[in-house]
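Read the structure below first, then the notes.
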Amino acid sequence: MRPLYFDDGVLHLLDQRALPAEETWLRCTAVEEVAVAIETLAVRGAPAIGVAAAYGAALGADDLDAAIERLARTRPTAVNLHHALERVRAAGPERALETARALEEREVAATELIGRHGGELVNGRVITHCNAGSLACMGVGTALGVIRAGDVDHVWVPETRPLLQGARLTAYELAQDGIAHEVVTDSSSGHLMASDLVDAAVVGADRIAANGDVANKIGTYTLAVLAHRHGVPFYVAAPTSTIDPTARTGDDIPIEERSATELDAPRARNWAFDVTPHELVTAIITEQGVVRPPYAF
Ligand code: MRU
């Protein structure tokens, strides 16, 4: 399962808004189309939006600075997007496309290694959050790469309100792989842990600060606090492209607030991410190996 591919001047994006009901592919030939696809979550997940943005910039190579400026405004939290765009800027218009291809290959390879390093850490009944699988990262995914490689009996899949990346996308990926899983409401995690039904938690990340604070889908912090309370190890799986050493702590990470129209309520706020403080993170699994506290990136 792959979220995108580039062929003959066209960026093809699997429209994740329609999954799992429909498998629809968007054809993007212009920067604006890619930018809107990222903003509206047709393509989503930190590594995937980094690669999509890099291809988007390559589509706008005649005015690379303008293309990068537009794509950089799409989503603020996932640092992969900004890292990928800076790589394309440094490569220049002539080498934009080959740089995007190299970034894609690098992200796919990273997930394999993350799975290999992290698979030994998780077994039994595992809880994740959102979707950090093939659809978000390409390859085998980060958190799902670890789950796929581990000796996992069962995966608890929180719905991930309001856009249901867990219920729609993670459940879809696990079903395709024949991995036992059940979807639960986001607020079930405390009950599951108190009932001794969770052996480990593993999630992805959108940005990791120098001190190990982790920004990820809203609700990750809640899961980490509960894991700490119940003595459940809490792992973060992410490629090094998700680490932002210029963010000293989580306070330096911009948190996306999306339109309240995504919630079914007349008065609402809709933060898309939260920050989990490093002291709640048992280990960070990257393609370079497993990093344990004290974190210093
Ligand atoms: O809003 P989304 O769906 O882009 O959020 C995605 C997540 O929070 C993922 O957990 C994160 O990007 C890690 S994917 C490797």
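The values are calculated or read from the model by the stated rules, or taken from the named source; none is laboratory data. As the structure is a computational prediction, the values presented were derived from the model and not from experiment. Here the Cβ positions follow ideal geometry from the backbone for every residue, glycine too, while neighbour counts run over all protein chains shown. Ligands, DNA and RNA are excluded from the accessible area calculation, which covers all protein heavy atoms including side chains. Shrake-Rupley method; radii C 1.70, N 1.55, O 1.52, S 1.80 Å.
Taking the Cα-to-Cβ direction at residue 252 and at residue 24 and moving 7 Å from each Cα, how far apart do the two end points lie in nm?
So the label points at residue 252 and residue 24 sit 4.1 nm apart.
Build a GNM of the chain with springs between Cα atoms under 10 Å: which of 136, 171, 21 gets the top mean-square fluctuation?
21
Longest span of the chain, sites excluded, free of GluC sites (Glu not before Pro) in DSSP loop with at most 11 other C-beta atoms within 10 Å?
Values: sites that count: 22, 23.
Looking at the chain, 24-297 is the longest stretch - no exposed GluC sites (Glu not before Pro) with at most 11 other Cβ atoms within 10 Å.
Can you tell which of 267, 116, 125 shows the greatest fluctuation in a Gaussian network model of the chain with Cα springs below 10 Å?
In the Gaussian network model the winner is 267.
Could you work out how far helix 96-119 tilts from the main Cα principal axis of the chain, as a 0 to 90 degree angle to the nearest 10?
Rounded to the nearest ten degrees, it is 10.
Which shape class, rounded, prolate or oblate, goes with the range 177-297 when its Cα gyration tensor gives a ≥ b ≥ c as root eigenvalues, a/c under 1.5 marks rounded, and past that a/b bigger than b/c marks prolate? Kindly include the intermediate steps, with their values, before the conclusion.
Details: a/c = 1.75, a/b = 1.08, b/c = 1.62.
It comes out oblate by the Cα gyration axes.
At 1.4 Å probe size, what's the solvent-accessible area of residue 74? Round to the nearest 10 Å².
Per-residue accessible area (residue 74): approximately 10 Å².
Compute the distance from the alpha-carbon center of the range 242-297 to that of the range 17-76, in whole Å.
The distance from the Cα centre of the range 242-297 to that of the range 17-76 comes to 21 Å.
So for the chain, averaging the separation of alpha carbon pairs under 8 Å that are six or more residues apart and normalising by length, what relative contact order in percent results? Walk me through the numbers before you get to the answer.
Working: 701 pairs, mean separation 48.5, N = 297.
Relative contact order for the chain comes out at 16 percent.
For the range 4-109, with every protein chain kept in place, what is the accessible area per residue (1.4 Å probe, Å²)?
For the range 4-109, the per-residue accessible area is 41 Å².
Just read off the accessible area of residue 172 with the full protein assembly in place, 1.4 Å probe, to the nearest 10 Å².
50
May I ask you to derive the relative contact order of the range 150-238, considering only C-alpha pairs under 8 Å and at least 6 residues apart, and to give it as an integer percent? Intermediate results must be reported in sequence, preceding the final value.
Details: 107 pairs, mean separation 22.6, N = 89.
Dividing the mean separation by the residue count of the range 150-238 yields 25 percent.
Which of 238, 272, 100 moves most in a GNM of the chain, Cα contacts under 10 Å?
Largest GNM mean-square fluctuation: 272.
May I ask you to rank 138, 1 by accessible area, largest first, using a 1.4 Å probe over the protein chains only?
Details: 138 5, 1 90 Å².
Listed by decreasing accessible area, they come as 1, 138.
What is the magnitude of the charge dipole of the range 4-109 about its Cα centre, with +1 placed on the Cβ of each Lys and Arg, -1 on the Cβ of each Asp and Glu, and no other charges, expressed in debye to the nearest 20?
Values: 11 positive and 18 negative charges, 76 e Å.
Here the range 4-109 has a charge dipole of around 360 debye.
Counting helices only, and only those DSSP H runs with n ≥ 4, report the 222 nm mean residue ellipticity of the chain as the sum of -39,500 (n - 2.57) divided by its residues, in deg cm²/dmol to the nearest 500. Don't skip to the end; give the middle numbers.
Values: 10 runs with 103 residues, N = 297.
Taking each H run of at least 4 residues, the total per residue is -10500 deg cm²/dmol.
Rounded to the nearest 0.05, what FRET efficiency do residue 263 and residue 63 give with R0 = 30 Å and r taken as the Cβ-Cβ distance? Could you check?
FRET efficiency, residue 263 to residue 63: 0.25.
Going from most exposed to least, what order do 156, 271, 25 have by accessible area with a 1.4 Å probe? Mind dumping the intermediate values first?
On the way: 156 35, 271 110, 25 85 Å².
The ranking, largest first, comes out as 271, 25, 156.
Set the Förster radius R0 to 30 Å, insert the Cβ-Cβ distance between residue 17 and residue 296 as r into 1/(1 + (r/R0)^6), and round the FRET efficiency to 0.05. Write down the numbers at each step before the final one.
Values: r = 39 Å, r/R0 = 1.29.
So the FRET efficiency works out to roughly 0.20.
Taking only protein heavy atoms into account and a 1.4 Å probe, give the accessible area per residue of the range 118-291 in Å².
Details: 6720 Å² over 174 residues.
On a per-residue basis, the range 118-291 sits at 39 Å².
If you roll a 1.4 Å probe over the chain with all protein chains in place, what percent of the accessible area is carbon or sulfur?
Working: 6000 of 12200 Å².
Percent of accessible area from carbon and sulfur atoms in the chain: 49.
With a/c under 1.5 counting as rounded, go ahead and sort the chain into rounded, prolate or oblate using the C-alpha gyration tensor (a ≥ b ≥ c being the square roots of the eigenvalues; past the cut-off, prolate if a/b is larger than b/c, else oblate). It would help to have the intermediate numbers written out before the result.
Working: a/c = 1.58, a/b = 1.47, b/c = 1.08.
Here the chain falls in the prolate category.
Taking a probe of 1.4 angstrom, what is the accessible area of residue 5 in Å², to the nearest 10?
The value for residue 5 is about 60 Å².
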